[in-house]
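Scroll down for the structure; my scribbles are underneath it.
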């Protein structure tokens, strides 16, 4: 049903659907139902509408009229069914679509209500009532973003109508509440830690890449000896009599430390002089000329170890936005005390943007809006603060006071000048001119 005011008065839209003309008998019986409805006979009206539908089942207007009667009787489910049958017959019946959305919302079928309002708005996109009804259905379904958009569309269309001021204020309050609920439900981003993340130590396999295996030089006719697991640092020549398995050779630096004579840079003692007549010492075999058939194990060149990756530079600690918001609030307080409302407004708005969940920041911003006589915006911010912190009774009282002020502004004051018709008072009226007595008329 069309609702033109919050008191839920039912009004009709003069919009005839586009469908085939009903029969004369159906029209006559519907007219009888209309007369009974106007006389307050709801049961008689329903009977007459049923008779009209018995004469012409495709009479969409009769279904719609039945829905109106059911709605007046507060049977919202039956009303929704009647409106639904009307739009099934005529998909372009705008009145029936609107009333279907309204009745379904009262019946608690919010999905059906939402769909009906959306279909109606495709036919009548400039109707603010339908946007309001759609917003309420979406709000009941929990679709905050779509409900906010529908409420804002309603405000844009209805704010130019003086009789819609209360509903516009109510819609703005609901939008502020829905936005506060969205903020309360959204996760808070954690601040960046000031200490740098720990760098994992490289694994042994990654720190020391394996060296490539070096093949051994094998003389003809001999059996190759498997390579040693640890690479030797020098040429190993076993004795000629036996060929043992090759053994690892220690690091050259360690060998030089254990045997200073092996290091040419170390001073050597003089060779002993043999006594006279003593046999000459036997000469040791020269290692530079190994006997034939002895395998030579060549130590691989030392592999340069890659330098460890330098640790990344520590990240700069992030500044907590709430600390910045408090600084903006202090700045706004000092500017407001200096009567610099423009810069104070910027500071309070920055504080709200830095910490949207701060009820105190929204209270300060609302107070400045009220001081600037911007009561609608002040109500929005007080509603935000109340949604974030329900214990703030001051916000509730301020909202009531601001609404009362807005309503008082909308009413013409008692001392408003009225059109006056200035007349002379009886005391100031000129005396009428004396009239001479009438001469007597001669008698016939």
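The values are calculated or read from the model by the stated rules, or taken from the named source; none is laboratory data. From a predicted model like this one, the values you see are computed outputs, not experimental measurements. Note: ideal-geometry Cβ built from the backbone for every residue, glycine included; neighbour counts use all protein chains shown.
Among the listed residues 35, 80, 52, identify the single one that is over 22 Å from residue 100 (Cα atoms) and without any contact (Cβ under 8 Å) to a residue 60 or more places away in the chain. Sole residue among the options that is over 22 Å from residue 100 (Cα atoms) and without any contact (Cβ under 8 Å) to a residue 60 or more places away in the chain: 35. Just a yes or no: is a residue in the range 107-127 closer than 19 Å to residue 71 by Cα, more than 25 Å from the chain's Cα centre (by Cα) and not in a helix (DSSP H, G or I)? Checked against the condition, which is being closer than 19 Å to residue 71 by Cα, more than 25 Å from the chain's Cα centre (by Cα) and not in a helix (DSSP H, G or I), the range 107-127 yields at least one hit. The combined condition, being outside any loop (DSSP other than H, G, I, E, B), touching a residue at least 12 places away in the same chain (Cβ under 8 Å), surrounded by 24 or more Cβ atoms within 10 Å (Cβ to Cβ) and in contact with a strand residue (DSSP E or B) (Cβ under 7 Å, 6 or more places away or on another chain), is fulfilled by residue 98.
Restricted to the range 159-173, and to residues there that are part of a helix (DSSP H, G or I) and surrounded by fewer than 19 Cβ atoms within 10 Å (Cβ to Cβ), the residue that is modelled with the highest pLDDT is 170.
Just one of 333, 340, 350 is over 30 Å from residue 186 (Cα atoms), surrounded by 10 or more Cβ atoms within 10 Å (Cβ to Cβ) and either out of contact with any strand residue (DSSP E or B) (no Cβ under 7 Å at 6 or more places or on another chain) or at pLDDT below 55 (or both); which is it?
Details: 333 fails: over 30 Å from residue 186 (Cα atoms); 350 fails: over 30 Å from residue 186 (Cα atoms).
The match here is 340.
Here 64, 136, 25 are screened, and the one residue that is surrounded by fewer than 18 Cβ atoms within 10 Å (Cβ to Cβ) and either free of Cβ contacts under 8 Å to residues at least 60 places away in the same chain or not in a loop (DSSP other than H, G, I, E, B) (or both) is 25.
A single member of 385, 410 is surrounded by 10 or more Cβ atoms within 10 Å (Cβ to Cβ), modelled with pLDDT of 55 or more and farther than 30 Å from residue 184 by Cβ, and it is 410.
Kindly provide the set of residues from the range 72-93 that are surrounded by fewer than 22 Cβ atoms within 10 Å (Cβ to Cβ) and either on the phi > 0 side of the Ramachandran plot or part of a helix (DSSP H, G or I) (or both), ordered by number. Working first, answer last.
Within the range 72-93, the subset surrounded by fewer than 22 Cβ atoms within 10 Å (Cβ to Cβ) is 72-78, 81, 84-85, 88-92.
Within the range 72-93, 72, 74, 76, 77, 78, 81, 84, 85, 88, 89 qualify.
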